[in-house]
Amino acid sequence: MLLETELKNNNQIEIPAEISNLMNIKPGQHFLVSYEEGFIKLMPKKNINDLFGTLAYNDSYIEREEEDRV
């Protein structure tokens, strides 16, 4: 999706509604901004609480042979 926006006099950029709705971006949300190879990257900054439950359960049990044990 490629949409046009404008840089305002106070260096503000409006995120088009189609993208903010798609990404569930709300007013006051913080972003990380970087410059890479001629492109400006804008990434929503996530709160650690927003990430709760997003990782699949990972069972750390590993079956080992008797000779592997200390």
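The values are calculated or read from the model by the stated rules, or taken from the named source; none is laboratory data. Bear in mind that the values here come from a model prediction, so they are computed numbers and not experimental data. Glycine gets a Cβ as well: all are built from the backbone with ideal geometry, and neighbour counts include every protein chain shown.
Structure summary
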{"quantity": "Selection within segment 29-70 - aromatic (Phe, Trp, Tyr) and modelled with pLDDT under 90", "calculated": "52, 57, 61"}
{"quantity": "Some residue of segment 26-48 being surrounded by 10 or more Cβ atoms within 10 Å (Cβ to Cβ) and more than 16 Å from the chain's Cα centre (by Cα)", "calculated": "no"}
